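Shown next, in C-alpha cells, is the structure this report addresses.
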Amino acid sequence: MILGVHVSGAGKIYNTLDIAHKLKCQTMQIFARNPQQWRVTSLDPKDIEEFKLRREKFRINPVFIHISYLINLASPDAKLYHGSIRAYIEDMQDADKLGADYIVTHMGSHKETSEEAGIKRLVVALNKILDETRGSKVGILLENTAGSGSWLGYKFEHQKKIIAGLKEKSRVGLCLDTAHAYLAGYDLAAKEGLDKLLREIDAQAGLKLLKLIHLNDAYGGLASHYDRHEHIGKGSIGLAGMKRIINHPKLKKIPMILETPKDDEKSDALNLALVRKLSRD
C-alpha cells in the first residue's frame with residue numbers, strides 16, 4: 001500500500017518531507033505555495049535542492065502538488081481565465097523544479113454559463129499549458145468534484161470529454177476523491193455503488209488513467225453536493241465502505257492520500273493508523 005497525507009506545512013517547503021517521514025508516509029501531497037493567494041515570490045533554489053535531498057533520503061514517492069484554489073481554467077471571466085493559465089504554467093514549472101510527479105487540479109467552475117462552454121474553455125487552457133510546458137515530466141491529474149454550484153467534474157463524462165479534446169493526452173490522468181464521489185451521488189458506502197463507480201470510470205476514461213486516490217470519508221448525505229471531508233470511518237461512507245475501497249483489488253496499488261480533517265496534531269496519525277489497520281484486516 002502506498003499511503004500518505006496532504007501535508008500543510010508552514011515554513012520551508014522541505015519541512016513538509018520531515019512531517020511526512022515522521023508519519024511513516026510513503027507518498028505525500030503538498031501546496032507548492034499559499035493556495036489562497038496569487039504568487040508573490042518564487043521558490044528559493046536552495047530550498048528546491050534541499051527538498052530533493054530530503055525526498056531521496058526519506059524515499060517519498062510519488063510526490064503530488066495540489067493546485068491553488070484561486071485558479072479556474074473554466075472561468076468565463078477573461079481576466080481570471082488568462083491569469084489562471086499563467087499561474088498554472090508557473091506552478092507546473094515549480095513542480096518540475098521540485099521533481100514532483102503530478103499536479104492535482106479541480107476542473108473549475110463554468111460560473112453558470114454552461115457545462116459545455118466550461119469544458120471547452122478548460123480544454124483550450126490545458127492544451128496551452130501542456131504546450132508551454134512540453135518536455136516536462138510532471139503529469140496533470142483531473143480530480144472529480146462533489147458537484148456544488150457550477151463546478152465541473154462531478155461525473156466522469158466530463159473527464160472523458162476533456163481528455164478527448166487534448167492534443168497531448170499522455171501527461172493527463174485522473175484523481176479519484178472518495179468523499180467527492182459520494183457527495184456527487186456515487187454510493188460508496190455500498191459494494192454495488194463502488195463497483196458502479198469503477199465501471200463508469202473505466203467506460204468513460206479508463207481505470208488505467210487513475211493515478212491517485214484522495215481517501216476521504218464524506219460529511220453529508222448522498223448526492224448532497226456539499227464538499228466536506230470527514231475522518232476515516234466516521235462519515236457517511238463509513239468504516240465498512242472505506243475498508244472496501246482500501247482493499248479493492250483494482251485500487252490497492254494506486255497511491256492513496258488522506259485529506260481528512262486536521263482537528264489537532266494527532267489527527268493525521270490516527271487516520272493513517274486506522275487505514276493501515278483496515279488494509280491488513
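The values are calculated or read from the model by the stated rules, or taken from the named source; none is laboratory data. Computed from a predicted model, the values in this text were never measured in an experiment. Here the Cβ is made from the backbone with ideal geometry for all residues, glycine too, and neighbour counts use every protein chain on show.
So which of 177, 131 ends up being at pLDDT 95 or above and either buried (at least 18 other Cβ atoms within 10 Å of the Cβ) or among the aromatic types (Phe, Trp, Tyr) (or both)?
After applying the criteria, what remains is 177.
Of the set (1) more than 19 Å from residue 253 (Cβ to Cβ); (2) at pLDDT 95 or above, all apply to residue 202 but (1). When you look at residue 232, is it β-branched (Val, Ile, Thr), under 18 Å from the mean Cα position of the chain (by Cα) and within 25 Å of residue 262 (Cβ to Cβ), yes or no? When the stated conditions are applied, residue 232 passes them. A single member of 124, 104, 63 is buried (at least 17 other Cβ atoms within 10 Å of the Cβ), without any contact (Cβ under 8 Å) to a residue 40 or more places away in the chain and among the aliphatic types (A, V, I, L, M), and it is 63. Among the residues of the stretch 250-281, those that are more than 17 Å from the chain's Cα centre (by Cα) and exposed (fewer than 13 other Cβ atoms within 10 Å of the Cβ) comprise 263, 264, 265, 266, 277, 280, 281. Pairs meeting the criteria (first residue in the stretch 23-36 and among the charged types (D, E, K, R), second residue surrounded by fewer than 19 Cβ atoms within 10 Å (Cβ to Cβ) and not in a strand (DSSP E or B), beta carbons under 7 Å, at least 6 apart or on different chains) are 33/39.
Of all the numbered requirements in (1) within 26 Å of residue 83 (Cβ to Cβ); (2) of a type outside the set (Ser, Thr, Tyr); (3) assigned to a loop (DSSP other than H, G, I, E, B), residue 1 misses one, and that requirement is (1). Taken across the stretch 131-153, residues that are basic (Lys, Arg) and assigned to a helix (DSSP H, G or I) do not occur at all. The residues of the stretch 152-174 that are crowded, with 18+ Cβ neighbours inside 10 Å and either of a type outside the set (D, E, K, R) or in contact with a His (Cβ under 6 Å, 6 or more places away or on another chain) (or both), listed by number, are 152, 153, 154, 156, 158, 159, 162, 163, 172, 173, 174. I'm trying to understand the selection: among the residues of the stretch 27-66, which are β-branched (Val, Ile, Thr) and modelled with pLDDT under 95? 40, 41 - these are the residues of the stretch 27-66 that are β-branched (Val, Ile, Thr) and modelled with pLDDT under 95. Restricting the stretch 142-192 to residues that are among the acidic types (Asp, Glu) and within 24 Å of residue 92 (Cα to Cα), the residue that is nearest to the chain's Cα centre (by Cα) is 143. If only one of 243, 252 is of a type in the set (D, E, K, R), assigned to a helix (DSSP H, G or I) and farther than 14 Å from residue 144 by Cβ, which one is it? Residue meeting the stated conditions: 243.
Residue check: is residue 149 surrounded by 22 or more Cβ atoms within 10 Å (Cβ to Cβ) and within 18 Å of residue 71 (Cα to Cα)? Spelling it out, it is not the case that residue 149 is surrounded by 22 or more Cβ atoms within 10 Å (Cβ to Cβ) and within 18 Å of residue 71 (Cα to Cα).
Scanning the stretch 202-221 for residues that are buried (at least 18 other Cβ atoms within 10 Å of the Cβ) and over 24 Å from residue 28 (Cβ atoms) yields 205, 220.
Among the residues examined, residue 118 does not qualify as outside any helix (DSSP H, G or I) and either under 20 Å from residue 258 (Cα atoms) or touching a residue at least 12 places away in the same chain (Cβ under 8 Å) (or both). Taking the stretch 27-41 as the range and being in a loop (DSSP other than H, G, I, E, B) and within 17 Å of residue 66 (Cα to Cα) as the test, the residues that pass are 31, 32, 33, 34, 35, 36, 37, 38, 39. The residue that is surrounded by the most Cβ atoms within 10 Å (Cβ to Cβ), counting only those in the stretch 14-44 that are farther than 19 Å from residue 265 by Cα and of a type in the set (A, V, I, L, M, F, W, C), is 32.
Scanning the stretch 243-259 for any residue that is touching a strand residue (DSSP E or B) at 6+ places or on another chain (Cβ under 6 Å), closer than 25 Å to residue 7 by Cβ and among the basic types (Lys, Arg) turns up nothing.
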